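*Asks:* The structure follows.
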Amino acid sequence: RIETSGLTAGHFQMRRNVRAIGTLLSAVGPISLRLMRRPFVPWRENFGLVASMGGASPARPVRLHASTARASSTLQGPDPDMLEWLEEVNGEEALEWVKAQNLRAVATVGDPEKTEAYRRILDILDSTEKIAYVGRLGSWYYNFWQDQHHEKGLWRRTTLESYRTDNPVWETVLDLDELAKKEAVSWVWGGYEALAEGPGSPWDRVLLTLSPGGSDAVVVREFDLESLSFVPEEQGGFVVPEAKSTVRYRTRDEVLVATDFGEGSLTLSGYPRLVKSWKRGTPLSEAVLVFEGATEDVASDQVMYFDRGVWHELQIQAVDFYTTIHRYRPGCPEHAAEDAKCGTFVKLPVPEDAMFETFADAAVLTLRSDWTIAGQRHKAGSLLSLLLADCIAGDFSKVRVLFEPSARTSLQSSSGTRNFLVLKVLDNVKAELRYWEYRGAGDWEQRLAAKGAAVPVGCDVQISSVWPDDSDDLWIVRDGYLQPDTLQLASAEDCGATPENLKAKPAMFDASRLMVEQLEAVSLDGTKVPYFVIRRKDMPHDGSAPTLLDGYGGFEIAMTPGYSAAVGAAWLESGGVKVIANIRGGGEFGPSWHQAALRDKRHRAYEDFEAVGHDLVRRGITSPARLACIGGSNGGLLVGNMLTREGAALFGAVVCQVPLLDMWRYHRLLAGASWMAEYGDPDKPEDWAYLRSISPYHRLNDVCLAAGSTWRCPKVLFTTSTKDDRVHPGHARKMVRRLLDGPSERIPQVLYWENILGGHGGAADNKQRAFMWALTYEFLRATIGQPPPSSL
């Protein structure tokens with residue numbers, strides 16, 4: 001949802017110490033603040049493509065090849081790659097090539113800034129009528145805002161009483177535009193970690209996360225919320241230099257730091273494996289090691305937090321993307337982390353692929369695989385709870401099942417208030433809310449919501465707790481493909497029966513002639529694959545509608561409905577059709593739906609996507625010449641396969657954004673090694689055997705251009721970012737160069753645009769976002785045909 005850029009630091013990135021270890025995206029909406037109390041692990045939060053994220057021009061070089069320390073493989077791989085020079089992110093020759101491709105793309109498509117699509121999208125992004133989402137911190141309600149006057153952003157706050165009015169009175173906390181100008185650094189907002197000291201906490205200090213270029217590598221600086229200024233280093237302020245770091249308060253004068261401490265301190269994935277205790281007033285070099293993971297792990301972390309009357313402390317060893325070892329001890333804020341008086345950590349006897357959380361004195365587990373314990377079998381995707389003391393002791397005789405999935409239902413997310421746990425459940429990709437009240441001592445009681453609370457097809461509901469320390473209040477956001485956001489303040493105590501409408505976004509495109517329907521396709525193995533279609537009510541079923549098919553299919557991420565005004569303004573209004581495919585590999589139906597397309601079963605996600613494409617043609621919605629597909633990040637790998645599989649004949653055009661494409665080298669580039677649990681290890685012959693078959697970069701020569709092949713490449717636009725330090729821009733660069741070197745009669749048009757000033761989201765400010773998306777829609781207009789958007 002590209003218009004959410006001004007929202008991600010309100011309650012979306014509020015109090016990062018309670019954010020989900022299992023959530024994979026960093027800015028998908030308010031539900032990214034899932035569940036009770038849990039540690040925040042940035043390597044998992046920051047994988048997926050979120051178009052509202054991005055970066056600006058780098059202030060200085062970042063360590064962009066952190067994962068290249070991986071031992072060389074003895075496996076016989078593909079022929080030598082003569083295009084590896086394009087992996088030199090800031091190499092002079094590579095950047096000259098990039099700039100030439102950028103000029104060619106704009107010359108071919110036209111200058112996006114001169115289009116009506118650009119104007120409409122920028123107006124939407126800069127609109128002062130979008131909802132200023134807030135997150136509570138003490139008695140204040142904070143918001144991060146971007147518009148045409150605050151391109152980098154304004155962090156500000158107000159009171160609830162003022163926020164309830166049509167024109168809240170805001171107090172500026174930090175002006176990023178002024179800071180960037182003053183320090184000559186293009187700062188990009190990354191959220192904050194608040195100092196939580198338990199009952200009576202003054203909530204007066206935060207650790208601000210700022211990126212000097214929009215990348216995942218950030219600078220962390222301590223900020224005083226009373227003086228509204230950074231705490232100077234010379235006065236003991238905590239400052240951690242640019243790196244992929246996790247820094248969180250343990251006490252007022254002690255932070256736990258996981259960062260790049262120098263040689264040997266990072267995992268092969270490029271994330272920290274060492275956690276140190278750093279005392280105020282001492283240099284970072286004197287920080288004391290308190291936890292150490294293995295080099296082969298993905299990342300390590302440690303967090304102490306206060307949860308509904310109980311202090312907890314956890315050590316988190318992320319072995320791979322889905323496997324985590326949790327070690328626990330009671331929190332003791334009166335002593336330093338390394339103090340023996342705090343006791344020792346105990347490994348929790350829970351499945352290592354389960355998500356572990358706390359709710360007061362209870363443990364809460366989300367299973368990713370079936371688990372038989374105390375004579376009971378619990379399905380993957382179940383939500384279980386028991387007393388934490390029993391969990392530590394290995395006594396699972398009193399486990400309470402809070403959710404058990406069925407074939408078409410799954411637990412999508414949850415949020416905890418002071419006394420309630422609110423579950424968001426998907427039933428055939430339609431949302432509903434369920435409420436559980438915690439009665440103490442491990443006992444839960446389900447509360448039934450009023451009838452009529454169902455969410456319509458094509459709509460969604462997102463929830464997050466306002467202030468679980470002392471309140472059962474909930475933020476509820478309702479929206480849909482054609483329904484603008486409405487922000488409500490409700491109470492879990494009455495199951496949200498009497499919500500207060502606080503804010504509503506006005507309609508930003510004309511949806512009066514549009515409709516949403518949910519359909520199903522049948523995949524190659526007989527699996528039913530749901531998908532949403534947003535189209536004109538009077539669309540003729542004669543195959544003539546220009547249609548954009550979107551998908552992701554990985555990392556257990558569900559593609560759920562949401563209002564995207566830019567899609568409506570630039571595509572739907574003028575007759576375009578948008579389709580969202582809920583293919584395997586995603587999280588629409590829980591872990592089993594994801595695992596059905598894991599590793600050597602990845603092809604099923606691609607077969608599902610092709611099945612949806614065929615179904616669209618069969619139903620007369622579109623035809624191959626009028627059908628395009630789009631995907632980013634893991635979705636870029638998806639559409640890269642559409643380019644190079646038999647399904648290429650289904651599409652007239654492809655848009656491939658910040659993609660993975662070279663599956664032989666992906667684990668050696670940036671954060672790639674952290675995704676081997678999803679894809680496999682190319683250094684293992686049995687893994688490379690199937691990885692080669694889903695590696696678009698290799699399929700091009702192995703299959704598409706092999707002797708006797710009749711393959712023809714759809715017209716394609718690749719977009720990425722120089723400053724993307726998650727998915728290496730070399731993937732897209734090399735693929736484009738290999739395509740350009742191929743026979744032009746079979747590869748009619750290959751365009752490439754790389755934002756030299758952006759991060760994994762491809763852009764850092766609204767103008768960059770509008771440019772990127774206007775370029776995309778103009779390319780689609782030129783290739784599969786559609787009138788330009790109307791002027792409003």
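*Asks:* Quick one: Debye curve from the C-alpha atoms of the stretch 192-288, no solvent, what's log10 I(q)/I(0) at q = 0.20, 0.23, 0.24, 0.25 Å⁻¹?
*Replies:* Here log10 of I(q) over I(0) equals -1.00, -1.26, -1.34, -1.41.
*Asks:* Of the DSSP beta bridges with both residues in the chain, give the percent that are antiparallel, rounding to the nearest 5. Kindly include the intermediate steps, with their values, before the conclusion.
*Replies:* On the way: 129 of 153 bridges.
In the chain, approximately 85 percent of DSSP beta bridges are antiparallel ones.
*Asks:* Sort 380-393, 464-477 by packing, meaning the average of other beta carbons within 10 Å per residue, with the highest value first.
*Replies:* On the way: 380-393: 20.2, 464-477: 21.7.
Averaged packing, sorted descending, gives the order 464-477, 380-393.
*Asks:* Continuing with the same structure: Angle, helix 116-126 long axis vs. longest principal axis of the chain, Cα atoms, 0 to 90°, nearest 10?
*Replies:* Compared with the principal axis, the helix lies near 0 degrees.
*Asks:* What are the residues whose amide H is under 5 Å from the amide H of GLU197, where those residues sit 5 or more places off or on another chain and H is modelled from the backbone?
*Replies:* So GLU197 has HN proximity to TRP203.
*Asks:* I'd like to know which of LEU207, ILE534, LEU154 lies farthest towards the positive end of the charge dipole of the chain, counting +1 on Cβ of Lys and Arg and -1 on Cβ of Asp and Glu.
*Replies:* ILE534
*Asks:* What is the distance in Å between the Cα centroid of the stretch 245-319 and that of the stretch 387-458?
*Replies:* Here the answer is 31 Å between Cα centres.
*Asks:* Can you give me the long-range amide H partners of THR358? Hydrogens built in the peptide plane at 1.01 Å from N, cutoff under 5 Å, separation of 5 or more residues or another chain.
*Replies:* Placed amide hydrogens put ARG37, VAL364 under 5 Å from THR358.
*Asks:* Additional query: Given a 1.4 angstrom probe, what's the average accessible area per residue across the chain, in square angstrom? Walk me through the intermediate numbers first.
*Replies:* Details: 26500 Å² over 792 residues.
About 33 Å² of surface per residue is accessible.
*Asks:* Scanning the chain for GluC sites (Glu not before Pro) in DSSP loops with at most 16 other Cβ atoms within 10 Å, what's the longest stretch left with none?
*Replies:* Working: sites that count: GLU88, GLU129, GLU197, GLU226, GLU263, GLU296, GLU334, GLU338, GLU745.
My reading of the result: 339-744 is the longest stretch.
*Asks:* For THR622, tell me the accessible area in Å² from a 1.4 Å probe, rounded to the nearest 10.
*Replies:* Counting only protein heavy atoms, THR622 exposes about 0 Å² to solvent.
*Asks:* Next up: Tell me the accessible surface of HIS335 in square angstrom (1.4 angstrom probe, heavy atoms of protein chains only), to the nearest ten.
*Replies:* Estimated to the nearest 10 Å², HIS335 gives 50 Å².
*Asks:* Given H placed on each backbone N at 1.01 Å, which residues far from SER413 in sequence or on other chains put an amide H within less than 5 Å of it?
*Replies:* LYS424
*Asks:* Right, something else. What is the dipole size for the stretch 520-646, taken about its Cα centre, with +1 at each Lys and Arg Cβ and -1 at each Asp and Glu Cβ, in debye to the nearest 20? Don't skip to the answer; put the middle values down first.
*Replies:* Numbers: 14 positive and 14 negative charges, 12 e Å.
Magnitude of the dipole: close to 60 debye.
*Asks:* Across the stretch 562-574, in residue order, what do the Karplus-derived ³J(HN,Hα) couplings come to in whole Hz, using 6.51 cos²θ - 1.76 cosθ + 1.60 with θ = phi - 60° and x for Gly and Pro?
*Replies:* Along the stretch 562-574, the couplings run x, 7, 10, 5, 5, 4, x, 6, 8, 10, 6, 3, 8 Hz.
*Asks:* Determine the calculated [θ] at 222 nm for the chain from helices alone, applying -39500 (n - 2.57) to every DSSP H run no shorter than 4 residues and normalising by the residue count; nearest 500 deg cm²/dmol.
*Replies:* Values: 14 runs with 124 residues, N = 792.
Calculated mean residue ellipticity at 222 nm is -4500 deg cm²/dmol.
*Asks:* Let me ask something else about it. Debye calculation, C-alpha points only, no solvent: report log10 I(q)/I(0) for the stretch 632-722 at q = 0.11, 0.13 Å⁻¹, in the same order as the q values.
*Replies:* Results for the stretch 632-722 at q = 0.11, 0.13 Å⁻¹ read -0.31, -0.43.
*Asks:* DSSP loop (so not H, G, I, E, B), at most 12 other Cβ within 10 Å: list which trypsin sites (Lys or Arg not before Pro) in the stretch 521-625 pass both filters. Present the calculation step by step, with values, prior to reporting the outcome.
*Replies:* Values: sites: LYS528, ARG535, ARG536, LYS537, LYS578, ARG584, ARG599, LYS601, ARG602, ARG604, ARG618, ARG619; in loops: LYS537, ARG584, ARG602, ARG619.
Of the trypsin sites (Lys or Arg not before Pro), the ones in loops of the stretch 521-625 whose Cβ has at most 12 other Cβ atoms within 10 Å are LYS537.
*Asks:* For the stretch 374-416, state which trypsin sites (Lys or Arg not before Pro) are in a DSSP loop and have at most 14 other beta carbons lying within 10 Å of their beta carbon.
*Replies:* Values: sites: ARG377, LYS379, LYS398, ARG400, ARG408; in loops: LYS379, LYS398, ARG408.
Taking the stretch 374-416 and a limit of 14 other Cβ atoms within 10 Å, the loop trypsin sites (Lys or Arg not before Pro) found are LYS398.
*Asks:* Could you tell me the distance between the Cα centroids of the stretch 154-233 and the stretch 475-519, to the nearest Å?
*Replies:* 28
*Asks:* Using unit Cβ charges (K, R positive; D, E negative) and no other charged atoms, how large, in debye to the nearest 20, is the dipole of the stretch 660-792 about its Cα centre?
*Replies:* On the way: 17 positive and 14 negative charges, 73 e Å.
Rounded to the nearest 20 debye, it is 360 debye.
*Asks:* Taking θ = phi - 60°, what integer Hz values does the Karplus form 6.51 cos²θ - 1.76 cosθ + 1.60 yield along the stretch 287-300, in sequence order, with x for Gly and Pro?
*Replies:* 4, 9, 5, 10, 7, 9, x, 8, 4, 7, 5, 7, 6, 10
*Asks:* Let me ask another. May I ask you to evaluate 6.51 cos²θ - 1.76 cosθ + 1.60, the Karplus curve with θ = phi - 60°, for each residue of the stretch 674-680 and list the ³J(HN,Hα) values in order in whole Hz, giving x for glycine and proline?
*Replies:* So the Karplus estimates, Gly and Pro as x, are 6, 9, 5, 5, 7, 9, x Hz.
*Asks:* For LYS244, list the lysines whose Cα falls under 30 Å from its own Cα; do not include residues on the same chain fewer than 8 positions away.
*Replies:* LYS99, LYS152, LYS181, LYS182, LYS276, LYS279, LYS347, LYS684, LYS723, LYS734, LYS767
*Asks:* On to the next question. Using only Cα atoms, tell me the angle between helix 730-740 and the longest principal axis of the chain; keep it within 0 to 90° and round to the nearest 10.
*Replies:* 0
*Asks:* Could you tell me the largest-minus-smallest coordinate of the C-alpha atoms of the chain on each of the three principal axes, in descending order and whole angstroms?
*Replies:* 73, 61, 59
The values are calculated or read from the model by the stated rules, or taken from the named source; none is laboratory data. Nothing here was measured: the structure is a model prediction, and the numbers come from that model. Heads up, the Cβs are rebuilt from the backbone with ideal geometry, glycines too, and the neighbour counts pull from every protein chain shown. Keep in mind that these areas ignore ligands, DNA and RNA; they rest on the heavy atoms of the full protein, side chains included. Shrake-Rupley method; radii C 1.70, N 1.55, O 1.52, S 1.80 Å.
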